[in-house]
1. Which one of Gly217, Gly202 is under 17 Å from the mean Cα position of the chain (by Cα), on the phi > 0 side of the Ramachandran plot and surrounded by fewer than 19 Cβ atoms within 10 Å (Cβ to Cβ)?
2. Only one of (1) over 20 Å from Val331 (Cα atoms); (2) open to solvent by less than 30 Å² (accessible area, probe 1.4 Å) fails for Arg266. Which number is that?
3. Output the qualifying pairs, or none if there are none: Cβ atoms under 7 angstrom, residues six or more apart or on different chains, first residue in region 395-417 and within 16 Å of Ile103 (Cβ to Cβ), second residue open to solvent by 50 Å² or more (accessible area, probe 1.4 Å) and assigned to a helix (DSSP H, G or I).
4. If a residue has to be open to solvent by 20 Å² or more (accessible area, probe 1.4 Å) and more than 18 Å from Asp235 (Cβ to Cβ) to count, how many in region 340-351 make the cut?
5. Let me confirm something: among Val25, Val21, which residue is in a helix (DSSP H, G or I), at pLDDT below 95 and farther than 17 Å from Ala152 by Cβ?
6. Identify, please: which residue in region 226-263 is open to solvent by 60 Å² or more (accessible area, probe 1.4 Å) and either basic (Lys, Arg) or in contact with a Lys or Arg (Cβ under 8 Å, 6 or more places away or on another chain) (or both) and is, among those, farthest from Lys22 (Cα to Cα)?
7. What number goes with the only condition from (1) touching a strand residue (DSSP E or B) at 6+ places or on another chain (Cβ under 7 Å); (2) under 20 Å from Val375 (Cα atoms); (3) not in a helix (DSSP H, G or I) that Pro203 does not pass?
8. Go through the residues of region 232-240 one by one and say whether even a single one is out of contact with any Gly (no Cβ under 6 Å at 6 or more places or on another chain) and assigned to a helix (DSSP H, G or I).
Amino acid sequence: MAEWIKKAKVTEQQAANNDKVKSDVSRILLDIEKRGDAAVRELSVKFDGWDRESYRLSDAEIADCMDRLTEREREDILFAQAQVRRFADAQRASMLDCEIESIPGVILGHKHIPVSAAGCYVPGGKYPLLASAHMSIVTAKSAGVKNIVTAAPPFQGKPAPYIVAAQHLAGADAIYCLGGIQAVAGMAIGTDTISAVDIIVGPGNAYVAEAKRQLFGRVGIDLFAGPTEVLLIADDTVDGELVATDLLGQAEHGKDSPAVLLTTSRKLAEETQKEIARLLPMLPTAAIAGEAWENFGEIILCEDFEELVRYSDEYASEHVQIMTSDDDYFVRNLSNYGALFIGPRTNVSYGDKVIGTNHTLPTNKAARYTGGLWVGKYIKTCTYQRVTTDQASALIGEYCSRLCLMEGFVGHAEQANIRVRRYGHKDVPYGTAAL
């Protein structure tokens, strides 16, 4: 039976905060729908201290951001984008159109069609998260999206040069310096100055995540995302310093970011706690990471690998990192995760920034039913059918007619009957089942 060496704290205040976020977002979305650009501007001034006539960046402003990059910084961004593009292109190549002749004369198929316009949100209020530009824009390009709009909040009172450069190099068609609910709603609902898109993608804070949830249906979204999560599965093949570093490296995302260690080694569990206490004071982000670890950190001692799998799948974490004597056991047996990081040579930070897989991943146990952002999120798989012979139309029509009448749909049945009469040369009275 598992033993909790350290357990997360769940407070009533968290639930109250969630209710407030929902009501605030609902009110703001209605206001943006009614007042458009005026509401967007008021929100930008209120939350970001950022007022402009147009929030779309000009070519000159984009060029200015590009000029701020050193050659090394530009090359690093392009390297990361190349890795994301290489993997996204491979994913797109795996999505094949399909066509079969199901019975003689009946052709069935599907086509993969990209959405026409995507809105890519890049968070940047606390940190200029330029990696999110790679993940959303590059992937949309690989999917074949023709119009890509992107938005990111101002950073320290002006457009964040690294984010703008990443958006531009990734191939964005329009770049807005706009954050939060107002950015997501502007792209989803549309205003006089922002064209509405078909899908909204990208991570964000609790308000952005809730706005996406409430806008789903009006537009598509990539997934429901909450605070960043990490879960490590480790045994005594690794040490406490490595494990503590990987836990704290993700805890610094936010004060509500869960960081969990599942282990079969009591020694590693105890070492990890000591190393976290040692390393935390060295982190410039210690205030955030420390609070996240205090309230949402967990260490769970399990009996064996089977129990490690059971708890990992129950948590269904966004990131699952495996460092054990038999990593492949977990690759074979785990079912619920956003992304796997296999072995001590890799880590979640690689996936977040540069290795090529997408870092927009499911949280809050959504990994039970969805994976993360990939080219397929931008693509509609649309079916078609064609009947090429009289005999096939009459045959399908006979079955269709009878099945329609089982449901009481006489008009549906007649759609089949008229074809049975015309192509099957049968005397089928109007409104009756085909023989």
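The values are calculated or read from the model by the stated rules, or taken from the named source; none is laboratory data. Remember, it's a predicted structure, so these values are computed and weren't measured experimentally. Positions of Cβ are generated from backbone atoms using ideal geometry, with glycine treated the same way; all protein chains shown enter the neighbour counts. Keep in mind that these areas ignore ligands, DNA and RNA; they rest on the heavy atoms of the full protein, side chains included. Shrake-Rupley method; radii C 1.70, N 1.55, O 1.52, S 1.80 Å.
1. When all the criteria are applied, what remains is Gly217.
2. The number of the failed condition is (2).
3. Once the first residue is within 16 Å of Ile103 (Cβ to Cβ) and sits in region 395-417, its partners that are open to solvent by 50 Å² or more (accessible area, probe 1.4 Å) and assigned to a helix (DSSP H, G or I) give Gly397/Arg419; Ala416/Cys400.
4. 2
5. None of the other options fit; the residue is Val21.
6. Restricting to residues being open to solvent by 60 Å² or more (accessible area, probe 1.4 Å) and either basic (Lys, Arg) or in contact with a Lys or Arg (Cβ under 8 Å, 6 or more places away or on another chain) (or both), the top hit is Asp236.
7. (1) is the only condition that Pro203 fails.
8. yes
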